[in-house]
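Beneath this line is the structure, given in structure tokens, with notes to follow.
Every number here is computed from the coordinates shown, using simple stated rules; none is lab data. Bear in mind that the values here come from a model prediction, so they are computed numbers and not experimental data. Counting neighbours? That spans all protein chains shown, and the Cβs are built from the backbone with ideal geometry, glycine included.
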Amino acid sequence: MRQSVANPNSGLPSLMMPCPACAGRMVYHGRRAIAPDLEDTVYACRNCGAELVRTSVRSAKSEKTRPAAAA
């Protein structure tokens, strides 16, 4: 039996979870630098507007921050 070729990595965000308040869909809202080596990634719920902030270490190539998504 032949094995299929592995698919390349998905372009989907690494955080796929329901809203903790209403179980609606969380979508990418924006990214902001909080320190030279840290950044916050903000996700917002489409239903109730709740926000989830994920703090992570910035990589060397993410010098430019992405603009916030249109609401």
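Some notes on this structure:
- Near CYS45: Cβ cut-off under 10 Å, other residues only, Lys/Arg at +1 and Asp/Glu at -1. The net charge is +1.
- Fewest-first ranking of LEU38, LEU52, using other Cβ atoms within 10 Å as the exposure measure: LEU38, LEU52
- Around ARG54: net Lys/Arg minus Asp/Glu count, Cβ-Cβ under 11 Å: -2
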